[in-house]
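Here's the structure we're looking at; comments come further down.
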Amino acid sequence: RRTRSFIQDNYAETDPDTGRRFLSFADGERFFFPDRRPRTVKFTIDDKDAADPYARLQSTPVVEAINALRLPRYGMGNYVAPAPHDPPTTAEARTLAGLSRAGKRLMGFCRTNLFKRLESGGPAFIQSLQRHALRNFIFLHAIEHGLDVPLGTQDADLLDAETGDLDPETANLNLLTENDDQVPAGQAPSSALASESDYRERAAAIYDEYAGRYKRRFKWVRPSLFTADLEDDLQADAADLLEVLKMCGTWDPSRDAKLQALVELLSKAHPTEKVLIFTQFAD
């Protein structure tokens, strides 16, 4: 590997006047390594302004609601029925044995990721809440209709930063809309999901996709092999998430102070320079 620091340490010279490190090209030209100095660009959140979207998202009721989530999908092993009427098949028993019982670590990871999305930006946070609620409704659809439950990753692989940025179960399936191309300009892709009935309708369509062309991406287990607490906790979390989304309201980009700070940085601080913007959104 020839990293910047490796080149500087082994090949660069030091300018005696400025102390800056440089490389000498064949034609005698000097290439000075740029000094990269990160700076914080601040933006204001007005906690007293009820219309400030970040103030709403960071309010005590929202934070407490996220902290109180039961997150049953991250500890499915805790819901395995001890003595089901119809015992599990060999394949089901193997799947159930592999489910996470020590779900606290994964649950904490999930909460941390949700708050990271809030730190990343309001729209990312709202989208993560919507996707989380929708996945709960997919499980509820299976349980309520006596269909096999689709189980995805349930182990420590979720904690791996390199794989945690992806959603391997739904990599090619948009959870929030059937076709983003049909969303009008300026409208959030997930705006079609407003009520519980909207989520349930979308969840049913996604379940059909899971059970069809995506079937091999999951392990399938009968809902009768889990206790009734699973359905109760899924429903409770979904209801709480919908309530949080109601508190958050529709995101208004014109009031997004963080977005405006970026616009200011690009249009006034660096209006004529080439700029690279790095961003990350891990659901």
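The values are calculated or read from the model by the stated rules, or taken from the named source; none is laboratory data. Remember, it's a predicted structure, so these values are computed and weren't measured experimentally. Quick reminder, even Gly has a Cβ in these numbers, built from the backbone with ideal geometry, and neighbours come from all protein chains shown. The accessibility values were calculated without ligands, DNA or RNA, using every heavy atom of the protein model including side chains. Shrake-Rupley method; radii C 1.70, N 1.55, O 1.52, S 1.80 Å.
Annotations for the structure displayed:
- Residues located in region 19-74, provided they are among the aliphatic types (A, V, I, L, M), touching a helix residue (DSSP H, G or I) at 6+ places or on another chain (Cβ under 9 Å) and over 19 Å from Arg131 (Cα atoms): Leu23, Val41, Ile45, Ala50, Ala51
- Residue satisfying condition, being modelled with pLDDT of 90 or more and either surrounded by fewer than 19 Cβ atoms within 10 Å (Cβ to Cβ) or under 25 Å from Val63 (Cα atoms) (or both), within set Glu144, Glu178: Glu144
- In region 215-254, the residues that are part of a loop (DSSP other than H, G, I, E, B) and under 21 Å from the mean Cα position of the chain (by Cα): Phe218, Gly249, Thr250, Trp251, Asp252
- Condition check for Ala133: of a type in the set (Gly, Ala, Ser), open to solvent by 40 Å² or more (accessible area, probe 1.4 Å) and either modelled with pLDDT of 90 or more or in contact with a Ser or Thr (Cβ under 6 Å, 6 or more places away or on another chain) (or both): no
- Residue tally, condition touching a Phe, Trp or Tyr at 6+ places or on another chain (Cβ under 9 Å) and acidic (Asp, Glu), over region 55-103: 1
- All helices (runs of 4 or more DSSP H) inside region 1-103 with 1 or more residues being within 24 Å of the chain's Cα centre (by Cα), surrounded by 11 or more Cβ atoms within 10 Å (Cβ to Cβ) and aliphatic (A, V, I, L, M): 53-57, 60-67
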